[in-house]
Amino acid sequence: MKELNGSQMISEALKLEGVEVVFGYPGGAALNIYDETYKQEYFRHVLTRHEQAAVHAADGYARASGKVGVAFVTSGPGFTNAVTGLATAYSDSIPLVLISGQVATSLIGTDAFQEIDAVGISRPCVKHNYLVKNIEELPRILKEAFYIARTGRPGPVHVDIPKDITAAIGKFEYPKEINIPTYKPTYKGNAKQIKKAAEIIEASNRPLLYIGGGAIISGASELIREFAKKTGIPAITTLMGLGVMRDDDELNLGMAGMHGSYVANMALSESDLLIALGARFDDRITGKLSEFAKHAKIIHVDIDPSSISKIVNAHFPIVGDLKSVLSELMGRINAKPENFEKWREILARYNSLYPLKYTDSEEVLKPQWVIEKTSQMVGDDVVVSTDVGQHQMWVAQFFAFNKPRQLVTSGGQGTMGFGLPAALGAKWAVGDKPVINFTGDGSILMNIQELMTSVVDKKPVVNIILNNSFLGMVRQWQTFFYEHRYSNTDLSIQPDFVKLAESFGGVGFRVKTKKEFEDALNTALKSDKISLIDVVVDRFENVLPMVPAGAAIYNMILDDKGQK
Amino acid sequence: MRRVISVIVLNEHGVLSRISGLFAGRGYNIDSLTVAPIPESGFSRLSIVTSGDERVLEQIVKQLHKLIPTYKVIESGEFVEKEMALIKIPLNENFGGLDAILKAYNGSVANTNENYIIVMVADDANRIDNFLKAIKKFNPVDIVRGGSVLMDI
Ligand SMILES: Cc1ncc(C[n+]2csc(CCOP(=O)(O)OP(=O)(O)O)c2C)c(N)n1
């Protein structure tokens, strides 16, 4: 058996887990780990310029690839900077492993320099965490960390390793099998429940597939498409479920919720059977709970039992892996598209009544146009990340997502500053495919230092700033609900984004017309450098439809007459 | 509504704070929580008294299950519940009737010195409440309750 020090063990474990790239930022407590990182040949280490960005990059890599993302940070402030990344990944069930340095075991509890109770802080933001107390347990803990991160409902796992342990020598035996007696995710759904679900679906008149991020995570997208096709059941998706159904699929009613389409929200409100697939009934989708899907019985398939009946009562709960449950359900179901023809007609009428739309202009660029145009220009072979705000919702509404893992966005936390580092991580995952980050003039400034990371590592991504000189989404709420009092949302004094991009070693464009935008995007897509396209858009455009917070999901504001 | 739950967890570093953190972070009540290792096993047993409606309880149970070190959550069925209390009473009180009360609650005198006697009882939480009411007239100066321990039957 090999004798290794703790830092070598980390490298060996990463090799055995097939890790190709680690994002991180060094510091005192992580020096041994970094020294070994320098010597080893298994994985590339990408130096981000902020620990938050390291975790977002690992997260973006995981979302785009389906593999476990890995990040290294040092103790104290290095770790606390990483917390937002953990919370973001946790909310969206993203598999990642964060390894943080900690002060030496002899110093723990003495308020030593850069000491912080890291596992105490990360506990509510991770699926599981560890403080490694001796070298003997390090191989097992690393193995468990990867296993826990990627199995069951995936999530981030944090391993905090004191400096002396990264130097201590021990036997390295990486466990082949994992046996955590207390952790046994359920993959196979209960056969009786599945049979029952098939019967209920057949007996329903207005069934509706309600597709969440779990559908992508479990790799069930293809099956869901087949299922929808075979049964003729229409589908709505959450923000995280975009891409599971093809954008142009007739059965796809689009995103539901606060900024969902009229037809999707009406379908929810009038359905008699909601078939929830890896969706967790976030309040951004349910609206006022007592009015949510009032006429519907609910079948809820989820691998996480605690998601079921947490928000709404599931009449037919099925705990299990979506892929496994769905393939069994497929075998049992006889429902035919003809059965639900009337229902689909009703929905088609709703759709033609209020389709997703915007009023284009020749005077000023509309953000929706920019997104639609980009979508047309780049097609399917692209990954899109977003930051958070109006631009994120417009991307969800107007970009044609046709594949799972095409959209990388922070759903559960809505983390501004996510877009650029996540795009860089995604770029590592997808190689030559273009990665486009739609961002806002507010969001981009939250992690703009990552332009440097991209330049150094030669990982170009295209950043499209939909620049409305506002914290647009907050401004929209102030417009509708605070009588236009724009408290602290006006960003009209701005940096020169073009120069900023150039000073980092990237390329910048400032565009005000359609032609300028198309030219800039074409150039950016061909460039081997990171680009920032600063698109001046209509300052007061609102995201519609909009369901006011706390209102029933069918009470949508459909136009903004007088609200601009 | 009052609820009692037993949780069997891996006896490892930090597991108690995972559980108490779960309650704190989600705004669930903890009325009492006791914990000790299960002899000759790698597990510990927690006895938790909490409150909430059916929904809240269901979530508590599921969330407890979700913690990686949780082996088992026992929430339904019958429990034997015992809670302990220690009561310090000044010696200059008139102790008429104390014996009878102690007897009724299976209590006993745990200690005395020149100033105080300390009595103890072990019973279900409800009966401890009653005992504490009964003993009020002796003007206790200190009362320590230990939290419930539970065993499912
Ligand atoms: C870290 C963080 N801080 C604050 C918020 C609250 N917030 C949500 S959207 C938004 C405005 C975003 O502005 P911008 O990036 O310019 O995008 P726009 O809405 O204009 O498209 C803010 C401040 C958040 N989601 N994340």
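Distant-in-sequence amide contacts of A:Gly257, defined by a placed amide H-H separation under 5 Å and a gap of 5 or more residues or a different chain, comprise A:Asn265.
Remark: the B:Leu16-B:Met1 segment gains 3.0 nm on full extension, using 0.36 nm per residue and subtracting the alpha carbon distance.
Every helix of 4 or more DSSP H residues in chain A counts as -39500 (n - 2.57), and over all residues that averages to -11000 deg cm²/dmol at 222 nm. Checking every one of the GluC sites (Glu not before Pro) in region B:20-76 against DSSP loop status and a limit of 14 other Cβ atoms within 10 Å picks out B:Glu40.
Applying the criteria of a DSSP loop state and at most 13 other Cβ atoms within 10 Å to the trypsin sites (Lys or Arg not before Pro) of region A:177-246 yields A:Lys188.
Place the peptides A:396-402, A:347-353 in order of packing, highest mean first, counting for every residue the other Cβ atoms within 10 Å and averaging per peptide.
Going by the mean number of other Cβ atoms within 10 Å, highest first, we get A:396-402, A:347-353.
Peptide A:310-319 shows a mean partner chain C-beta count of 1 within 10 Å per residue C-beta. Of all beta bridges that DSSP places with both ends in chain A, some 10 percent have antiparallel geometry.
Over the C-alpha trace of chain A, radius of gyration and Dmax come out as 24.1, 75 angstrom.
Across region A:185-190, coupling constants 3J(HN,Hα) worked out from phi with the 6.51/-1.76/1.60 Karplus curve, θ = phi - 60°, read x, 8, 9, 8, x, 5 Hz, and Gly and Pro carry x.
Proximity of backbone amide H atoms, modeled 1.01 Å from N, is registered between A:Arg44 and A:Val21, A:Val22 at under 5 Å, excluding neighbours fewer than 5 places apart on the same chain. In loop segments of region A:79-186 as defined by DSSP, the trypsin sites (Lys or Arg not before Pro) with at most 14 further C-beta atoms inside 10 Å of their C-beta are A:Lys176.
For region A:39-50, putting each phi into the Karplus relation 6.51 cos²θ - 1.76 cosθ + 1.60 with θ = phi - 60° gives couplings of 7, 6, 10, 7, 10, 8, 10, 9, 7, 7, 9, 6 Hz, in residue order, rounded to whole numbers and with x for Gly and Pro.
For A:Ser469, the residues 5 or more places off, or on other chains, whose built amide H falls under 5 Å of its own are A:Asp441. For the peptides A:275-281, A:533-539, residues were scored by their other Cβ atoms within 10 Å and the scores averaged per peptide; the highest-first order is A:275-281, A:533-539.
Over the whole of B:65-76, what's the average partner chain Cβ count within 10 Å per residue? Rounded to a whole number, please.
Mean number of neighbouring Cβ atoms from other chains: 3.
Region A:47-95 and region A:101-165 have their alpha-carbon centroids 15 Å apart. Restricting attention to region A:367-536, close to 5% of DSSP beta bridges with both partner residues there are antiparallel. The lysines within cross-link reach of A:Lys515, meaning a Cα-to-Cα straight distance under 25 Å and a gap of 8 or more places when in the same chain, are A:Lys357, A:Lys366, A:Lys373, A:Lys433, A:Lys499, A:Lys526, A:Lys529.
Computed over chain B, the per-residue total of -39500 (n - 2.57) for DSSP H runs of n ≥ 4 gives a 222 nm mean residue ellipticity of -8500 deg cm²/dmol, rounded to 500. Please enumerate, by chain and number, the lysines with C-alpha under 28 Å from the C-alpha of B:Lys103, excluding those fewer than 8 residues away in the same chain. Reachable lysines: B:Lys82, B:Lys88, B:Lys133, B:Lys136, B:Lys137.
The lysines within cross-link reach of A:Lys342, meaning a Cα-to-Cα straight distance under 18 Å and a gap of 8 or more places when in the same chain, are A:Lys229, A:Lys230.
Every read-out reported here was derived from the displayed coordinates using simple, explicitly stated rules and does not represent laboratory data. What you see is a predicted model; the values in this text were computed from it and never measured. Because the Cβ atoms are built from the backbone with ideal geometry, glycine has one as well, and the counts that use them run over all protein chains shown.
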